[in-house]
Structure formats: C-alpha cells, structure tokens
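Working notes, structure below.
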Amino acid sequence: MEQLDDRKVKILQAIIRNYLETGEPVGSRTISKYTDLSLSSATIRNEMADLEELGYLIQPHTSAGRIPTDKGYRLYVDTMMEEKVEEVKTMRDQLTEKSDRIETLLQQVVKLLAVNTNYATMITTPKYRSRKVKFIQLTEVDPTHILAVILLEGNIPKNKVIPVSEPVEKDVVLKLNLILNTFLVGLDLEEINIGIVQKMKEQAGEHTTLVGDILDAVANSMEEEGQIQVYTSGATNLFKYPELTDTATAQNLLFTLEDKQELAELIDNKLESGDKDDEPKNDIQVYIGGETPIDSMKDCSVVTATYRMDEGVYGKVGIIGPKRMDYEKVVATLKNLMNDLDSIFKNK
C-alpha cells in the first residue's frame, strides 16, 4: 500500500467521516470547510484526484463528489485506529493491576481509620464524573460471538461478548467499527439520543439489530461504571457508646454497615446533593442525626471527605460515630488522610 503524505491522509479522513455522517458523495468545498488545512478547493480537488487514481476514492457520477473505496476504508482504519487498538491491549493489564492495588489500598485505609478513631468507617471506590466513550473496537471471537471492547474516558476498558445469530463478515465488522467510533466517541450516555441511534442504524443497513445490541452493551458499561462499592470497618466500635447499644438501634446499624446498599445510595445521592454540575466539595462535610436520611443513623453523626485520584475521578471517605463524637479529632484525621491519599495517588 502506497505511503500517503499527511495532507492526503487528513483529506481522506475528512471525506470518510463526512460520508459516514451524511451518506452522500463528498465534494472539495465541503472538505475545505471540514479540515484545518486551510487549502483552496482547487488544491483539495487535485488531492482528491490523486487519491482516486491511487484507488482510495471513487467518483460515482460525473461532477459528483467522491466516496471511499474498500481500500480507503482500510487505510483509514489502519492509520486512524491502530494506535487506539494497541492502547486498549496494553492498558487492559495495567488497569487491572492498578485497580487491584487501589482496592487493597482502600480496604487498608478504612481499617486503619477505624482503629485510629474508634468509630465505624467507610470508603467508596473511585467514581468517574465523566463516562464518555473514548473508543470502541469490535472483534470476531467465533462465528456466533463478537467481542466489543469499550474504552471510556479515564481509560476504563469494558469487555462485552455479544452473541450473533450468524457469522459476521470481516468487512461488516470493519464498517461497524467505523460507524460506532464516528457517532459515539466523545458522547456520554445522556447524549446518545434517538436521532444518533437512527443515523447509525441507517448506516448499518441490514445489521441494525447488531448495532442495537452493541448500543445496549455500551449503555450497560456506562451504567456499571456509575455504580460505586463501599468498604466498611469498625462497626463494633459503635457499641462502645451506650446510646448506640439499644438492641434495635444496634441491629439496624449493623445491617446498614453490612448491607452497604443504603450507604452507597446515601453517598451517591444524598451526601453529594448540590454537586451535580460541579466537582464534589473539597471541604469536610458533617451530617448530624436527622441530617442523614438513613433512619438507622438518626442517633449518629457522619463526617465525610472527598479524595481525588485524577481529574474527574473521586471517592468519599466517611466516619460514623455517636453525636457526641470527637469532631476536632475526626476532622483533623480526615484532613491528614486526604493529604496522604493525594500524595499516594499522584505518585502511583
């Protein structure tokens, strides 16, 4: 395959992207507005003629614009997506290892915090404020399954195996990769609307069902990433305080700390109210008695802080104790912990 210069590659890339979006032959005037090359229409026409002569474009009708050939699609995929595919491959093991290390670290932190404070403690796994699609790669696993690797912003890889009723040809997989990345890259779940889905299905032709299955896999991946896990420690510390040793109170507190579902909802929805449009607050937050919406904690206070790993990646740390807890010590402990975690994550 001939080696094209950067200008030809950029023009070919712009033509393919425009054609995927519109389904119409692409002219030089369109490309002059579409690229940042600052070239005249005449220069672009000459480059398009060269690309046609080399077999990357075809002109379906006289005086019409050009559309990509299979050879053009192939060059587009090889040059524009090869780096992304390699990024996914090399990143998978690294992120798995990193995730395991972070999980171990958080479990150690929550235990140490319980020992140091003599209260119950909780910490959440990191939450990603943005869950936009960064890249999607489809690969045939066998005649009845396709693997979708979905890379979300923050370099979070998600693998989904999608069953198919009949074998999917390599050219079809290639076309679907182009469609998915053209329409979905840079979008969050809420931004993938009916209009975008309809355009994708029109481009996919007879493979609309498969596109629908892939979109479901993308949506499920984003929803999974929005869920948080909560680690707790020191639940029995609460029974050192007489006001919390009443049988019903103690049972309800234990259930909440062991079940963790209510804690996850509390942190995800209630304790972050007002932060939907902005990053969570940096300062320490104190919730006393009835200020926390969980009935089992009406006789407790909850003090929380936010830790950060990267831009848009954060989690919550919380200390649960009686309303007469040593607030000064708890706040100082959390501030020191935030400094320590910040140092660890910056040097991870």
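Structural remarks
- Any hit, the stretch 107-115, residues being touching a Leu at 6+ places or on another chain (Cβ under 6 Å), under 16 Å from V317 (Cβ atoms) and either hydrophobic (A, V, I, L, M, F, W, C) or free of Cβ contacts under 8 Å to residues at least 40 places away in the same chain (or both): no
- Among (1) in contact with a helix residue (DSSP H, G or I) (Cβ under 6 Å, 6 or more places away or on another chain); (2) exposed (fewer than 15 other Cβ atoms within 10 Å of the Cβ); (3) not in a helix (DSSP H, G or I), the one test that I228 misses: (2)
- Residues that are assigned to a loop (DSSP other than H, G, I, E, B) and at pLDDT below 80 within the stretch 1-21 comprise M1, E2, Q3, listed in sequence order.
- Matching residues, the stretch 165-196, being assigned to a loop (DSSP other than H, G, I, E, B) and not hydrophobic (A, V, I, L, M, F, W, C): S165, E166, P167, E169, G186, D188, N193
- Residue check for T139: outside any helix (DSSP H, G or I) and in the same structural domain as L105 (by TED's automatic domain parsing): no
- Pick from the stretch 24-45, criterion over 16 Å from Q59 (Cα atoms) and of a type in the set (A, V, I, L, M), ranking: modelled with the highest pLDDT: A42
- Any hit, the stretch 144-152, residues being under 30 Å from S343 (Cβ atoms) and not aromatic (F, W, Y): yes
- Of all residues in the stretch 163-214 being closer than 22 Å to Y73 by Cβ and hydroxyl-bearing (S, T, Y), the one that is farthest from the chain's Cα centre (by Cα): T208
- Which numbered condition E24 fails, given (1) part of a helix (DSSP H, G or I); (2) surrounded by fewer than 14 Cβ atoms within 10 Å (Cβ to Cβ); (3) touching a residue at least 40 places away in the same chain (Cβ under 8 Å): (1)
- Pairs are defined by a Cβ separation below 8 Å, a sequence spacing of at least 6 or placement on different chains, a first member in the stretch 35-49 that is farther than 14 Å from D6 by Cα and free of Cβ contacts under 8 Å to residues at least 60 places away in the same chain, and a second member that is of a type in the set (G, A, S) and in a helix (DSSP H, G or I); the pairs so defined are S40/S32; S41/S28; S41/S32; A42/S28; R45/S28.
Per-residue answers, yes or no, for (1) touching a Ser or Thr at 6+ places or on another chain (Cβ under 7 Å); (2) buried (at least 18 other Cβ atoms within 10 Å of the Cβ); (3) at pLDDT 80 or above:
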site: L54; (1), (2), (3): no, no, yes
site: I58; (1), (2), (3): yes, no, yes
site: L95; (1), (2), (3): no, no, no
site: A120; (1), (2), (3): yes, yes, yes
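- Residues (over 13 Å from I320 (Cβ atoms), free of Cβ contacts under 8 Å to residues at least 40 places away in the same chain and not charged (D, E, K, R)) located in the stretch 251-267: Q251, Q261
- Subset tally (residues that are at pLDDT below 85, in a helix (DSSP H, G or I) and within 21 Å of V115 (Cβ to Cβ)) for the stretch 240-254: 1
- Count - residues of the stretch 291-316 that are among the hydrophobic types (A, V, I, L, M, F, W, C) and over 16 Å from A235 (Cβ atoms): 4
The values are calculated or read from the model by the stated rules, or taken from the named source; none is laboratory data. Keep in mind it's a predicted model, so treat the numbers as computed, not measured. Glycine gets a Cβ as well: all are built from the backbone with ideal geometry, and neighbour counts include every protein chain shown.
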